Amino acid sequence: RMAAAPPSYCFVAFPPCSKDGLVVFGKNSARPRDEVQEVVYFAAAEHDPGSKVECTYIEIEQVPKTHAVVLSRPSWLWGAEMGANEHGVCVANEAVVTREPASESEALLGMDLVRLGLERGATAKEALDVIVALLEEHGQGGNYFEDGSSCHTFQSAFLIVDRNEAWILETSGKYWAAEKITEGVKCICNQLSLTTKIDAEHPELRNYVKSQGWWNGDSDFNFSEVFSLADDHLACCSGRESLEKQGGDVSAQAMIDVLRDKDSGVCVDSESFLTTASIVSVLPQDPSFPCIHYFTGTPDPSRSIFKPFIFVDDVKLVPKVQSPSFGNDDPAKKIPRFQEKPDRRHELYKAHEWARSLLENDQDKGQKLMRIMLDLEKQGLEAMEDILSRTEILDPAEVVDLFYDCVDTELKFFK
């Protein structure tokens, strides 16, 4: 039996379900409980002809120019669980299991494709085209976890969003199908969700599934039915109802509330998996307003706070949410891989561990600390709402150290 895919959840809400002409995106990243996620920023860059880029396991051709990106990623790998670029594109991935066993051979990870899509695509559709072209050229495969004792492999699904539209992209090997979304609320989780509404697909997809005997060509082509094991593509998303109940009021706060909900299962805290990091992004459909991306950088959103990031030139880097770098000595880079596990905790993660033990051991102090933290988060959310309701253009100097200051303030409260 294949291992269960980690139960991450990704959401997008479009007007009229969301507030004030905003597209709202969110993801809870469920990963092995002890894995550390860091939040990293890479500036836009130009690259020499013929240069290569070293992804998690393989090296591929670099492109002439990469966009600025901000990523939340497991700190041992090159790619990302989720992130955004300077053009207001957001991408998140899901590990999924299909009837086709995922490859153990080292190729591109789903997480590498998230980052590559963001670095190379200025719109959601461009990011999708990048991902499927790289899938065709290099394939997907390799260990999803930092685990020297066994290889955990999955196929990938993606939610790719910009200010105007979203694409749900689901893959099995190099084969794929995608659906375009421009309204309502959508959720993807660790199961296939595409059915018969397919707006783009691998040119050989239908021939391939016919040749495998998975579809006879007479009935409607239903991607999930064809590619899922048995009936596990049925009921996916418990968080979608709570967002739909908001009426036309899905806001950053509403998305955060859904991501914090343990009862619905969206906020995962199980024996094997934990929500190790979360993101919420607000993308105004009016391009004269900035996109705002909120990251936790710490596990369990019900005990973390969402801190805003806005792309501007010379944005201040935040070493306190970056894991230590081990360079070529990193056990993830040596073969055989993962023979030991270095301590990858960053400063915010360590402070958060202390706060978590306080919450568990001293209820009164813990609750008081949590109230202060949520108040801090609320101030950030209100300040961002203010930016989105102004008529004058945002002065970059005002937000150049926004994320830095929020992390710094959070650390001060923990101390």
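The values are calculated or read from the model by the stated rules, or taken from the named source; none is laboratory data. Since we're looking at a predicted model, the values are computed, not measured. Neighbour counts run over all protein chains shown; Cβ positions are idealised from the backbone, glycine included. Each accessible area value is taken on the protein alone, full model and side chains, heavy atoms only, with ligands, DNA and RNA left out. Shrake-Rupley method; radii C 1.70, N 1.55, O 1.52, S 1.80 Å.
Remark: the ASP34-VAL400 segment gains 128.6 nm on full extension, using 0.36 nm per residue and subtracting the alpha carbon distance. Of the GluC sites (Glu not before Pro) found in segment 135-195, the ones in coil according to DSSP and having at most 15 other Cβ atoms within 10 Å of their Cβ are GLU183. Compute the separation of the alpha-carbon centres of segment 335-357 and segment 24-81 and state it in Å as a whole number. Measuring centre to centre over Cα atoms gives 19 Å. Exceeding 19 Å between C-alpha atoms, which entries from my cross-link table qualify? They are LYS174/LYS210; LYS65/LYS334; LYS19/LYS245. From the list (LYS174/LYS210; LYS65/LYS334; LYS19/LYS245), the Cα-Cα distance tops 19 Å for LYS65/LYS334. In terms of Cα to Cα distance under 16 Å, which aspartates and glutamates are near enough to LYS316, apart from those fewer than 8 places away along the same chain? Output for LYS316: GLU38, GLU86, ASP395, GLU398, ASP401, ASP405, ASP408. By a 1.4 Å probe calculation restricted to protein chains, ASP329 has an accessible surface near 110 Å², given to the nearest 10. Of interest is the spacing of the C-alpha centroids, which for segment 250-320 and segment 191-232 amounts to 33 Å. Here is the size of segment 217-371 from its Cα atoms: Rg then Dmax, 20.3, 64 Å. When only Cα pairs below 8 angstrom with a gap of at least 6 residues are kept, segment 9-411 shows a relative contact order of 18 percent. Give a residue-ordered list of calculated ³J(HN,Hα) values for segment 99-115 (Karplus: 6.51 cos²θ - 1.76 cosθ + 1.60, θ = phi - 60°; whole Hz; x for Gly, Pro). Values, residue by residue: 5, 9, x, 6, 7, 7, 5, 5, 9, 7, 7, x, 5, 4, 5, 4, 5 Hz. Straight-line reach from LYS365: taking Cα to Cα under 21 Å and skipping same-chain neighbours fewer than 8 places apart, the lysines in range are LYS350, LYS378, LYS412, LYS415.
Entry note, segment 201-360: relative contact order of 12 percent, from Cα contacts under 8 Å with a spacing of 6+ residues. Taking a straight line from the alpha carbon of LYS368, these aspartates and glutamates sit under 15 Å away, with near neighbours fewer than eight places off in the same chain left out: GLU360, GLU377, GLU410. Against the chain, whose longest principal axis comes from its Cα atoms, helix 347-361 is set at around 80 degrees. Zone of GLU204 (label point 7 Å along Cα→Cβ, backbone N under 16 Å): which residues in segment 138-159? Counting backbone N atoms under 16 Å from the label point, the list is 138-140. Hey, what number do you get for the chain at 222 nm if only DSSP H runs of n ≥ 4 count, each worth -39500 (n - 2.57), divided across all residues, to the nearest 500? Rounded to the nearest 500, it is -8000 deg cm²/dmol. Computed from the C-beta positions of GLN339 and ASP220, the FRET efficiency with R₀ = 45 Å rounds to 0.35. Each of (i) 22.9; (ii) 20.2; (iii) 33.4 is a candidate for mean projected area of the Cα convex hull in nm²; the one calculated from this structure is (ii).
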